[in-house]
Amino acid sequence: MAVRHNWALVTLAGSVAVAGSALAQDLNALDKRVKALEKAGGGQSVQRSKKSMSLTVSGHVNRAVQFRDNGTTSGVLHVTNNLSRTRVRWVGTGKINDDLTAGTKIELGNQSAISSGQDLGDNADANGAAALDERHIEFTITSKTLGKLWVGQGVTASEDTSEYDLSGTGVATLNGDIASLAGSEAFQVNNAAQGRTVGDVFDNFDGAGRRDRIRYDTPKFAGFRVAVSHHNADSWDAGLHYGGSFGGVKVAAGLGYADDTTRNFNQTINGSASVLLPLGLSFTVGAASRSSDSDLGGTDPDWLYGKIGYRFTGLGMGETRLAVEYSEVNDLAAVDEEASYFGVAAVQIIEDLSAELYLSYHRLDLDVSVGANPDDIDLVTAGARFKF
């Protein structure tokens with residue numbers, strides 16, 4: 001019995017050895033086949049690559065329902081909220097060495113029934129525009145010691161300097177930018193369009209916008225950084241940006257300068273500042289002045305803005321944010337014209353969904369220098385932004 005048992009063990013060991021040898025031969029043959037396919041080309045190659053850049057995909061969907069009343073007619077519109085329109089972005093990052101990193105960014109925005117392009121007479125969904133358009137197409141080189149270089153389509157150095165706001169309500173109401181919510185809506189006189197739209201008479205003069213440009217930002221020094229950029233048609237701008245906190249008080253501010261004769265103005269100086277207190281109360285102010293080309297019928301408009309906000313946690317879903325604001329623009333469409341609006345807004349954060357629900361009300365007023373003043377425009381906006 002012992003002999004038979006030992007013989008069985010020997011037989012089993014031999015079988016395992018033979019199987020192991022066969023498996024090794026199969027793996028060797030498979031490896032040779034892979035290498036042959038790699039050399040074959042013609043769409044049959046198998047490539048092995050080492051990825052040096054990471055890729056992150058993100059974005060958000062932002063839709064709203066608006067009720068508008070321009071004094072002649074009223075109605076409901078279904079819109080993409082252009083204060084923060086629906087978008088998707090692809091961000092690549094890679095490390096060059098301990099000091100340098102490289103980045104790429106492609107961001108496209110959606111314009112379906114965009115709120116800035118809709119009016120009460122509009123039934124179109126896309127406003128005749130492309131469903132997606134470029135917001136950012138750029139690459140960056142960042143040095144911890146020397147700062148950051150931006151090349152391509154993206155924000156200029158003075159962009160956002162009118163829109164520093166710590167109230168957390170920018171998705172519903174943002175520092176004088178009422179044109180993004182209702183820019184194409186026409187003011188009415190005696191049941192007819194007066195000749196001015198919301199976009200004609202309201203602006204917060206927020207720097208040079210997004211352009212094809214080259215931009216440089218310094219490293220931060222005590223919370224400050226300086227940015228300069230040059231755009232096509234030989235225009236340029238600069239911005240001074242600040243962010244910091246003192247004893248629990250947060251402060252954010254910006255000051256911009258833009259020189260851009262290609263868009264019928266010579267210089268714009270603009271800025272904003274916002275303070276958030278530990279108890280959740282915030283105060284935001286903004287101002288701007290533009291010198292336009294008078295030979296082309298331009299004016300020298302100015303802008304003033306103020307907002308009071310309050311942030312608190314009480315509903316268990318996330319912060320609740322409230323704000324009241326006032327904005328005034330003088331001489332934008334014509335000399336001695338004054339456009340102003342009053343607004344209130346509420347934003348509810350839903351942390352588990354990375355979402356915000358919002359509701360706002362605005363009343364817009366225009367005083368003209370010639371003829372009867374048009375009717376006020378009332379605007380109610382309710383919507384949601386879901387981030388991914």
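Here are a few things to note about the model shown:
- Nearest-20 debye value, the range 54-387 charge dipole, Cβ charges on Lys, Arg, Asp, Glu: 1640 debye
- Treating r as the C-beta distance of Lys95 and Val380 and R0 as 45 Å, the FRET efficiency rounds to 0.40.
- Each label was represented as a point 7 Å from its Cα along the Cα-to-Cβ direction; for Lys387 and Leu55 these points are 2.3 nm apart.
- Computed 3J(HN,Hα) for the range 375-383, one whole-Hz value per residue from the Karplus formula 6.51 cos²θ - 1.76 cosθ + 1.60 where θ = phi - 60°, is 5, 5, 10, 9, 9, 10, 10, 10, x, glycine and proline marked x.
- Approximate spin-label separation His78-Phe283, in nm, with each point projected 7 Å along Cα-to-Cβ: 4.4 nm
- Of the trypsin sites (Lys or Arg not before Pro) in the range 69-107, not one is in a loop by DSSP (not H, G, I, E or B) with at most 14 other beta carbons within 10 Å.
- If you take the Cα centroid of the range 73-88 and the Cα centroid of the range 253-327, the two points sit 21 Å apart.
- Stretchable slack from Val151 to Tyr216, in nm (0.36 nm times residue separation minus alpha-carbon distance): 22.5 nm
- FRET efficiency, Tyr326 to Ala102 (Cβ-Cβ, R0 51 Å, nearest 0.05): 0.70
- Cβ-Cβ FRET estimate between Asp352 and Asp293, R0 fixed at 51 Å, reported to 0.05: 0.50
- In this rough spin-label picture, where each label sits 7 Å from Cα along the Cβ direction, the Val335-Asn264 distance is 1.7 nm.
- Note on the range 215-267: Cα-only Rg and Dmax are 14.2, 45 Å.
- Normalised by residue number, the volume inside the convex hull of the Cα atoms of the range 280-388 is 125 Å³ per residue.
- The range 54-387: Rg to Rh, with Rh as the Kirkwood radius over Cα pairs: 0.96
Read-outs throughout are calculated quantities, based only on the coordinates presented, and are distinct from any laboratory measurement. The model shown is predicted, which means the values in this text are computed figures rather than measured ones. Glycine also receives a Cβ, built like all others from the backbone with ideal geometry; neighbour counts cover every protein chain displayed.
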